[in-house]
Amino acid sequence: MNVADALALFYNTLAISLPTFGWVILGLLLRRLGLLPQPLNDRISLLAFRFGLPLMLFAGASRVDYGNLASARYLLAGVLAALLVVAVSWLYSLWRGHARAQRGIFVQAAFRSNLAIVGLALCVAAYGERGTALGALPVALMTVLYNVLAVWVLGATLGPGGGRRGMLLDILRNPLIVGISAGVALSVSPLPVPAAMGPASQYLSAFFLPLVLICIGGAMDLSRLYRADALTWESCAWRLLVAPLLALGLAYLMGVRDEQLGVLFLLLATPVAASSHVMVVVARGDGVLAANIVVLSTLLSMLTVTVGFFLLSLLSLVGRVQ
């Protein structure tokens with residue numbers, strides 16, 4: 001590949017990452033200008049989380065052909081990658097001598113990506129409607145797994161807290177999981193999938209994903225970063241560099257290639273999920289540390305995701321983007 005082709009490929013990668021993270025920056029600017037106050041931001045986020053994103057995922061999941069069992073390989077790779085990151089990051093934390101109360105926060109940051117919002121938005125930007133379909137099942141499966149692992153990790157390091165109560169019920173009532181489960185049920189049922197599902201998925205993605213990304217930016221408090229310590233940077237390095245490399249290596253060894261590998265990277269290379277901060281606070285952990293990790297990893301991911309996807313595209317490992 002010559003320099004001109006490489007530059008063209010890099011511009012294509014920027015066309016995927018910049019619009020996605022641009023919405024986050026817009027939300028941050030709106031907050032700074034006082035145009036997106038926190039109460040309004042919370043209401044918009046709740047509306048999108050309870051209705052918009054579930055409808056979008058329902059439409060995408062309903063149009064997947066689940067008779068093709070070969071697609072299960074990248075799902076299995078995602079699950080095994082999460083378990084691998086938990087095990088390796090835990091051992092690393094022991095080796096580094098992190099305090100027990102900090103270990104759970106560090107390990108959760110290492111494995112818990114923001115796949116349901118930022119990851120899905122990147123998949124749509126890279127692969128269009130196909131990205132929604134490929135990303136729907138991993139989002140559902142990994143959301144459940146992440147919640148279970150987070151409760152276990154935080155419970156083991158912070159002691160029993162509110163995070164254990166009602167965990168199963170909370171998972172079953174999660175609007176994203178409900179939407180995807182309903183879409184899967186429709187797809188495997190004898191009922192015909194309405195032709196309008198395709199356009200509906202596109203329209204919902206075009207509206208609600210930018211809206212939620214703006215809300216993520218609007219919820220970020222950069223003033224917290226003045227108190228960011230070495231553990232915050234270490235946690236971000238694991239979330240954005242070490243964990244994606246472990247996941248990609250495992251998936252590649254399992255034979256995952258092309259679009260499925262690209263979707264897996266975009267889902268698992270994203271910043272720390274904002275819900276991780278909530279679970280730390282509920283478990284009576286260091287909420288400031290958890291919040292710092294969320295904010296800093298979100299900012300740094302604009303660079304790491306762009307460069308990572310560009311390198312994978314350069315090596316022709318992630319299929320053809322739209």
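The values are calculated or read from the model by the stated rules, or taken from the named source; none is laboratory data. The shown structure was predicted, so the numbers you read here are calculated from the model rather than taken from an experiment. Quick reminder, even Gly has a Cβ in these numbers, built from the backbone with ideal geometry, and neighbours come from all protein chains shown.
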Single match in 268, 225, 245, 240 (criterion: surrounded by fewer than 17 Cβ atoms within 10 Å (Cβ to Cβ) and at pLDDT 95 or above)
245
The lone condition residue 255 fails out of (1) part of a helix (DSSP H, G or I); (2) farther than 25 Å from residue 42 by Cα; (3) more than 16 Å from the chain's Cα centre (by Cα) is (1)
Within the range 229-250, does at least one residue satisfy the condition of being within 16 Å of residue 113 (Cβ to Cβ) and of a type in the set (Phe, Trp, Tyr)?
yes
Residue 263: β-branched (Val, Ile, Thr), in contact with a helix residue (DSSP H, G or I) (Cβ under 6 Å, 6 or more places away or on another chain) and assigned to a loop (DSSP other than H, G, I, E, B), yes or no?
no
Within the range 51-74, take every residue that is surrounded by fewer than 14 Cβ atoms within 10 Å (Cβ to Cβ) and either under 19 Å from residue 261 (Cβ atoms) or not aromatic (Phe, Trp, Tyr) (or both) and give me the one that is modelled with the highest pLDDT.
72
Within the range 189-202, track down each residue that is assigned to a helix (DSSP H, G or I) and surrounded by 13 or more Cβ atoms within 10 Å (Cβ to Cβ).
197, 198, 200, 201, 202
Give the residue, chosen from 296, 312, that is at negative phi, in contact (Cβ under 8 Å) with a residue 24 or more places away in the chain and in contact with a Leu (Cβ under 7 Å, 6 or more places away or on another chain).
296
Return the residues of the range 277-293 that are of a type in the set (A, V, I, L, M, F, W, C) and in contact with a helix residue (DSSP H, G or I) (Cβ under 7 Å, 6 or more places away or on another chain); say none if nothing qualifies.
279, 280, 281, 282, 283, 288, 289, 290, 291, 293
Report, ordered by the first and then the second residue, all pairs with beta carbons closer than 6 Å, sequence separation of six or more or different chains, a first member in the range 230-246 that is closer than 14 Å to residue 88 by Cα, and a second member that is part of a helix (DSSP H, G or I) and of a type in the set (Val, Ile, Thr).
235/293; 243/85; 246/85
Residues in the range 266-296 that are hydroxyl-bearing (Ser, Thr, Tyr) and in a helix (DSSP H, G or I): how many?
2
Condition check for residue 77: modelled with pLDDT of 75 or more, in contact with a Phe, Trp or Tyr (Cβ under 6 Å, 6 or more places away or on another chain) and under 22 Å from residue 246 (Cβ atoms)
no
Residue satisfying condition, being on the phi > 0 side of the Ramachandran plot and out of contact with any Asp or Glu (no Cβ under 7 Å at 6 or more places or on another chain), within set 239, 257, 284
284
Restricting the search to the range 151-180, which residues are outside any helix (DSSP H, G or I) and modelled with pLDDT under 65?
160, 161, 165, 166
Criterion: farther than 18 Å from residue 16 by Cβ and either in contact (Cβ under 8 Å) with a residue 12 or more places away in the chain or touching a Ser or Thr at 6+ places or on another chain (Cβ under 7 Å) (or both) - qualifying residue of 126, 121, 136, 99:
136
For the range 97-129, what are the residues that are over 19 Å from residue 149 (Cα atoms) and in contact with an Asp or Glu (Cβ under 7 Å, 6 or more places away or on another chain)?
127
Filtered residues of the range 198-218 (kept if modelled with pLDDT under 80 and within 16 Å of residue 53 (Cβ to Cβ)):
200, 201, 202, 203, 204, 205, 206, 208
Being at pLDDT 85 or above and either aromatic (Phe, Trp, Tyr) or within 16 Å of the chain's Cα centre (by Cα) (or both): is that true of residue 110 here?
yes
